Amino acid sequence: MAGTCRLLIVDDNEDILSTFYEFFNSMNYEVKTAIDGFVALKVLRDKSNSFDCLITDLVMPNISGVGLISIVKKEYPHLKIIAMTGYGDQPGALASEAEADVVLFKPIDLFKIENTVSELMNLKTDKQK
């Protein structure tokens, strides 16, 4: 399953981006990263890209994760979205309002988030049958 799953990971912390990229890449996911919501939208709108899951931080410059989720849900309704926050319940509540599929609180265990991605992709596969 993992080998066919394409992820877009968005976070303004380059260390987190690098860690997530290396981890998911080592698990045979196809991974692209973006440093903020604006860059993520450019990557999503590039016709050569298609993704199964978006993993985004909520508090970022330019376009916040909440703003990104709202746009993505309208333009790419099939895309599963995992929101991450280290700022308590308020951003998490906003992400839920913006219809993120899952909200996780930092620090995040990489295996937990991989399990969450896998569960979301299995849900997607089950619905397609």
K73 is checked against (1) crowded, with 22+ Cβ neighbours inside 10 Å; (2) over 22 Å from D109 (Cα atoms) and fails just one. What number does that condition carry? (1)
Taking the condition of being assigned to a loop (DSSP other than H, G, I, E, B) and either exposed (fewer than 13 other Cβ atoms within 10 Å of the Cβ) or in contact with an Asp or Glu (Cβ under 7 Å, 6 or more places away or on another chain) (or both), how many residues in the stretch 21-49 meet it? 7
Of residues in the stretch 55-82 being at pLDDT below 90 and not in a loop (DSSP other than H, G, I, E, B), the one nearest to E114 (Cα to Cα): G65
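The values are calculated or read from the model by the stated rules, or taken from the named source; none is laboratory data. Treat the numbers as computed from the prediction; the structure is a model and nothing was measured. Ideal geometry is used to build each Cβ from the backbone, glycine not excepted, and the neighbour counts take in all protein chains shown.
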